[in-house]
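The values are calculated or read from the model by the stated rules, or taken from the named source; none is laboratory data. All values reported here derive from a predicted model rather than from experimental measurement. Neighbour counts are summed over all protein chains in view; Cβ atoms, including those assigned to glycine, are modelled from backbone coordinates with ideal geometry.
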């Protein structure tokens, strides 16, 4: 089971993702440069956080046109697993692989802090190692993480079971005070309709070892591994 970590100019969480997959989980992993379209042998892709192309124009707007994204779109539409974290989530939105858009945080400030998110569904390749209602402690670090979608899209996300994570307090209560960026409906992560593409603003790679203060993010990577292992049987 091989992972690919896409690297754009300005990515700064690529090494963190590579480390978690390769060193913490002991899985084969390689970097994929933004000019490459070669995804041969890759079973799961990660679009990491950072500031692709300096976030010029709009977060993810330029990265969406990178050569690698043509391959990512084909990979996703064929059922390949794609995890977009923070800037990776923004890129997936710009590419149309996920619905909705990102706005500036309500505070208009960069938010870097631990957050709690509640698992809303376990029926995805990214959440099978969790429980519905389970609270995960995973940090955020972004200025443009205020997820927005119109009422029709939100209804479709809800009915399709595509809202995977919501911001909450440590007890699992979804409140305005627990929402760090103003995201509509406290949304922290969504999937596409097929369930094979996940975008999330919190950084699971920064919560994969006890010395970092939480190992909850590791559950997401372990869920991906369990899914891929099941496919190979």
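Restrict the check to the range 145-160 and report whether at least one residue is crowded, with 24+ Cβ neighbours inside 10 Å and farther than 13 Å from residue 126 by Cα.
There is at least one residue in the range 145-160 that is crowded, with 24+ Cβ neighbours inside 10 Å and farther than 13 Å from residue 126 by Cα.
Residues in the range 222-229: is at least one in a helix (DSSP H, G or I) and under 14 Å from the mean Cα position of the chain (by Cα)?
Yes, the range 222-229 contains a residue that is in a helix (DSSP H, G or I) and under 14 Å from the mean Cα position of the chain (by Cα).
Any residue that is within 26 Å of residue 69 (Cβ to Cβ) and out of contact with any strand residue (DSSP E or B) (no Cβ under 7 Å at 6 or more places or on another chain) - is there at least one of those in the range 172-182?
Looking only at the range 172-182, we keep the residues that are within 26 Å of residue 69 (Cβ to Cβ), and these are 181.
Add one more test, that the residue is out of contact with any strand residue (DSSP E or B) (no Cβ under 7 Å at 6 or more places or on another chain), and what stays is none.
Checked against the condition, which is being within 26 Å of residue 69 (Cβ to Cβ) and out of contact with any strand residue (DSSP E or B) (no Cβ under 7 Å at 6 or more places or on another chain), the range 172-182 yields no hits at all.
In the range 12-33, how many are under 16 Å from residue 89 (Cα atoms) and touching a helix residue (DSSP H, G or I) at 6+ places or on another chain (Cβ under 6 Å)?
Here the count works out to 1.
For the list (1) under 20 Å from residue 100 (Cα atoms); (2) outside any loop (DSSP other than H, G, I, E, B); (3) touching a helix residue (DSSP H, G or I) at 6+ places or on another chain (Cβ under 9 Å), I need the number of the one condition that residue 152 fails.
(3)
Could you count how many residues in the range 54-68 are surrounded by fewer than 21 Cβ atoms within 10 Å (Cβ to Cβ), touching a residue at least 12 places away in the same chain (Cβ under 8 Å) and over 14 Å from residue 84 (Cα atoms)?
Total satisfying the criteria: 5.
Which residue pairs have Cβ atoms closer than 8 Å, lie 6 or more positions apart in sequence or on different chains, and pair a first residue in the range 14-30 that is more than 17 Å from residue 220 (Cβ to Cβ) with a second residue that is modelled with pLDDT under 95?
28/1
Any chance the range 68-87 includes a residue that's assigned to a helix (DSSP H, G or I), within 22 Å of residue 208 (Cβ to Cβ) and touching a helix residue (DSSP H, G or I) at 6+ places or on another chain (Cβ under 9 Å)?
Kept after step one, since they are assigned to a helix (DSSP H, G or I), are these residues of the range 68-87: 68-77, 87.
Of the ones still in play, those that are also within 22 Å of residue 208 (Cβ to Cβ) are 87.
From the residues that got through so far, the ones that are touching a helix residue (DSSP H, G or I) at 6+ places or on another chain (Cβ under 9 Å) too are 87.
Yes: one or more hits.
On the given criteria, is residue 26 under 20 Å from residue 225 (Cβ atoms) and assigned to a helix (DSSP H, G or I)? Talk me through it step by step, then tell me what you get.
On the way: under 20 Å from residue 225 (Cβ atoms): yes; assigned to a helix (DSSP H, G or I): no.
Here the answer is no, as residue 26 does not meet what is asked.
If a residue has to be more than 18 Å from the chain's Cα centre (by Cα) and closer than 19 Å to residue 149 by Cα to count, how many in the range 165-174 make the cut? Full working, then the answer.
Residues of the range 165-174 more than 18 Å from the chain's Cα centre (by Cα): 169-174.
Next, from what is left, pick out any that are closer than 19 Å to residue 149 by Cα: 174.
Counting residues in the range 165-174 that are more than 18 Å from the chain's Cα centre (by Cα) and closer than 19 Å to residue 149 by Cα gives 1.
Within the range 186-198, can one find any residue that is over 30 Å from residue 150 (Cβ atoms), crowded, with 20+ Cβ neighbours inside 10 Å and within 12 Å of the chain's Cα centre (by Cα)?
Quick first cut of the range 186-198, residues over 30 Å from residue 150 (Cβ atoms) only: none.
Within the range 186-198, not a single residue is over 30 Å from residue 150 (Cβ atoms), crowded, with 20+ Cβ neighbours inside 10 Å and within 12 Å of the chain's Cα centre (by Cα).
Kindly check whether there is at least one residue in the range 218-230 that is more than 30 Å from residue 28 (Cα to Cα) and either buried (at least 17 other Cβ atoms within 10 Å of the Cβ) or at pLDDT 95 or above (or both).
For the range 218-230, residues more than 30 Å from residue 28 (Cα to Cα) and either buried (at least 17 other Cβ atoms within 10 Å of the Cβ) or at pLDDT 95 or above (or both): absent.
Residues of the range 50-62 being more than 20 Å from residue 196 (Cβ to Cβ) and either in contact with a helix residue (DSSP H, G or I) (Cβ under 9 Å, 6 or more places away or on another chain) or outside any loop (DSSP other than H, G, I, E, B) (or both), which ones? Talk me through it step by step, then tell me what you get.
So in the range 50-62, the residues more than 20 Å from residue 196 (Cβ to Cβ) come out as 50-59, 61-62.
Result: 50, 51, 52, 53, 54, 55, 58, 59, 61, 62.
For the range 1-23: of the residues being in a helix (DSSP H, G or I) and more than 17 Å from the chain's Cα centre (by Cα), which is surrounded by the fewest Cβ atoms within 10 Å (Cβ to Cβ)?
23
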